[in-house]
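Colleague: The following block contains the structure, expressed as structure tokens.
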Amino acid sequence: MAKDPNSNMICIAGREVLRLIKYTDHGFEDARNLRIGRTNLNYASVDVDWNPNDSNRFATAATNGNVVVWNAMMSGKNKKIELVISEHASRVNSISWNPFDGNRLLSGSTDSTIRLWDMRDKGSSSVLMNASVAVYDVKWNPNNPYIFASASYNGLVCVWDCRTQNIITTYSGHQRIAQTIDWGTHHSDYNFLASGGADGKIQIWDTGLSTERKPITSIQTIEHVGKIKWRPGCSGNIASSGSLMDTKIYVWDASKPYVPINSVSFHTDACTGIIWIDSDHMITCSKDGQVALHNLLEDGYSPYDSAPKNSLSWGAKGELAHIHNITGPRYEDDIVGIMTTFKPAEDQV
């Protein structure tokens, strides 16, 4: 699923669907079904990305290994296909348009290569980068036109410079496949790169620390992480979804990584796409065939705020500390923390 950065148009792409829809405050409007009556595998997609500089152009990664560029203004026998690129030897898992140059498109494939295409040369592959293992996700850095990241089968997350075609930094933080990545969008998170893996972990890396190779935050979820997306306008907040059985979408605060600060329950199968409209509204799509617009203030549930905040702890000299929350009219429904310390009698020590 991808959104046109300049309008309210969204492209839903999958093995059985390729559709343009518009979202409004009241729901969704069907704009065009590009898949109907088509059996060609160019219409069956693994990933989609909308050109940030051209509202008429988007690209899909087809299940047959092709990269297909679409133009919404075209018409005729082939509907809106502008270009088909057939250079990868196997399935393309991810594509990403350069946010500064709408003529440059990245693709990462299970054939262990990352390719950079130039649309001015009709999709000629100007750069070929060998990742050694299958590539599951690629994303351009939104603040640097030459830097991008990749997530791979061996669990590695790599940061590349397309000018040298070499890896700048390699992060090893996943015990299984690294499936998804996303660059920070908040001004204080610009150097942050998040990755989600089949080990159930979300790792957050500070790419501005040239010598540090450990994640600054590690979030353990309950199953394989399928998608992650930084929350706009909220530093350190990131949404995630599972790729197998868990149908919920979670929002995490990197400074409180053990319990999600929000969760949304709607889908009956795994969520396959997350788009933030603003800091309180997101659109999701799922294997259940549904697309939904969520308002976190109305639809969300906060596990973090709902968790009991009671605790006991023994001190070095035998003191017992107890902290608990109380509510009531005298506190105007605010949660108040009360801590009491019990010191045992001398003959009990």
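Colleague: Would you check which residues across segment 254-269 are touching a strand residue (DSSP E or B) at 6+ places or on another chain (Cβ under 6 Å) and not β-branched (Val, Ile, Thr) and list them?
Modeller: Within segment 254-269, ALA254, PRO257, PRO260, ASN262, SER263, PHE266, HIS267, ASP269 qualify.
Colleague: What pairs can you find where one residue is in segment 14-36 and touching a residue at least 60 places away in the same chain (Cβ under 8 Å), the other is open to solvent by 40 Å² or more (accessible area, probe 1.4 Å) and in a loop (DSSP other than H, G, I, E, B), and their Cβ atoms are less than 9 Å apart, with a gap of 6+ or different chains?
Modeller: Short answer, once both residue conditions are applied: GLY14/LYS287; GLY14/GLY289; VAL17/GLY289; TYR23/ASN8.
Colleague: Taking segment 249-272 only, how many residues are under 14 Å from the mean Cα position of the chain (by Cα) and open to solvent by 30 Å² or more (accessible area, probe 1.4 Å)?
Modeller: The number of residues fulfilling the criteria is 2.
Colleague: Within segment 99-110, track down each residue that is buried (at least 17 other Cβ atoms within 10 Å of the Cβ) and in a loop (DSSP other than H, G, I, E, B). Give the derivation first.
Modeller: As a first pass, look at segment 99-110 and keep what is buried (at least 17 other Cβ atoms within 10 Å of the Cβ): 99, 104-110.
Within segment 99-110, PRO99, THR110 qualify.
Colleague: State all residues of segment 13-28 that are farther than 14 Å from GLY273 by Cβ and open to solvent by 100 Å² or more (accessible area, probe 1.4 Å); if no residue qualifies, say none.
Modeller: The answer is GLU16, ASP25, HIS26.
Colleague: OK, next. Out of the residues in segment 278-315 that are in a loop (DSSP other than H, G, I, E, B) and among the small types (Gly, Ala, Ser), which is nearest to TRP230 (Cα to Cα)?
Modeller: Here the answer is SER279.
Colleague: Here are some conditions: (1) more than 22 Å from ASP299 (Cβ to Cβ); (2) in contact with an Asp or Glu (Cβ under 9 Å, 6 or more places away or on another chain). LYS214 meets all but one. Which one does it not meet?
Modeller: Only one criterion in (1) more than 22 Å from ASP299 (Cβ to Cβ); (2) in contact with an Asp or Glu (Cβ under 9 Å, 6 or more places away or on another chain) is unmet by LYS214, namely (2).
Colleague: Could you check, for segment 120-136, whether at least one of its residues is in a strand (DSSP E or B), modelled with pLDDT of 95 or more and not small (Gly, Ala, Ser)?
Modeller: Looking only at segment 120-136, we keep the residues that are in a strand (DSSP E or B), and these are 124-130, 135-136.
With modelled with pLDDT of 95 or more added as a condition, the list becomes 135-136.
Then drop every residue that is not not small (Gly, Ala, Ser), which leaves 135-136.
Yes, segment 120-136 contains a residue that is in a strand (DSSP E or B), modelled with pLDDT of 95 or more and not small (Gly, Ala, Ser).
Colleague: Could you look through segment 111-129, keep only residues that are open to solvent by 10 Å² or more (accessible area, probe 1.4 Å) and at positive phi, and pick out the one that is farthest from the chain's Cα centre (by Cα)?
Modeller: Going through the qualifying residues, I end up with LYS122.
Colleague: Related question: With respect to the numbered conditions (1) open to solvent by 40 Å² or more (accessible area, probe 1.4 Å); (2) part of a strand (DSSP E or B); (3) more than 25 Å from GLN179 (Cβ to Cβ), which one is the sole condition not fulfilled by ALA321?
Modeller: (1)
Colleague: On to the next question. Going through segment 224-276 one residue at a time, which ones are more than 24 Å from ASP288 (Cα to Cα) and among the acidic types (Asp, Glu)?
Modeller: Within segment 224-276, ASP253 is the sole residue that qualifies.
Colleague: Separate question: Just to be sure I understand, how many residues within segment 82-98 are hydroxyl-bearing (Ser, Thr, Tyr), part of a loop (DSSP other than H, G, I, E, B) and open to solvent by less than 50 Å² (accessible area, probe 1.4 Å)?
Modeller: The qualifying residues number 1.
Colleague: Pairs, please: C-beta under 7 Å, at least 6 apart or cross-chain, first residue over 21 Å from ALA178 (Cα atoms) and in segment 125-147, second in a loop (DSSP other than H, G, I, E, B) and open to solvent by 20 Å² or more (accessible area, probe 1.4 Å)?
Modeller: So the pair list comes out as SER125/GLU87; VAL127/GLN165; ASN143/TYR190; PRO145/PHE100; PRO145/ASP101; TYR146/ARG163.
Colleague: Is there a residue being in a strand (DSSP E or B) and surrounded by fewer than 15 Cβ atoms within 10 Å (Cβ to Cβ) anywhere in segment 225-246?
Modeller: Checking segment 225-246: not a single residue is in a strand (DSSP E or B) and surrounded by fewer than 15 Cβ atoms within 10 Å (Cβ to Cβ).
Colleague: Checking the conditions here, which among ARG38, ARG115 is basic (Lys, Arg) and at pLDDT 90 or above?
Modeller: Details: ARG38 fails: at pLDDT 90 or above.
The conditions single out ARG115.
Colleague: Continuing with the same structure: If you check ILE216, ILE167, ILE222, which single one turns out to be free of Cβ contacts under 8 Å to residues at least 12 places away in the same chain, open to solvent by 20 Å² or more (accessible area, probe 1.4 Å) and hydrophobic (A, V, I, L, M, F, W, C)?
Modeller: After ruling out the rest, the residue left standing is ILE167.
Colleague: Go through GLY242, GLY208 for me and flag whichever is among the small types (Gly, Ala, Ser), without any contact (Cβ under 8 Å) to a residue 40 or more places away in the chain and in contact with a Cys (Cβ under 8 Å, 6 or more places away or on another chain).
Modeller: Selected residue: GLY242, the only one of GLY242, GLY208 that is among the small types (Gly, Ala, Ser), without any contact (Cβ under 8 Å) to a residue 40 or more places away in the chain and in contact with a Cys (Cβ under 8 Å, 6 or more places away or on another chain).
The values are calculated or read from the model by the stated rules, or taken from the named source; none is laboratory data. Computed from a prediction, not measured in an experiment: that's the story for all the values here. Positions of Cβ are backbone-derived with ideal geometry, glycine not excepted, and every protein chain shown enters the neighbour counts. Surface accessibility is based on the protein's heavy atoms, side chains included, excluding ligands, DNA and RNA. Shrake-Rupley method; radii C 1.70, N 1.55, O 1.52, S 1.80 Å.
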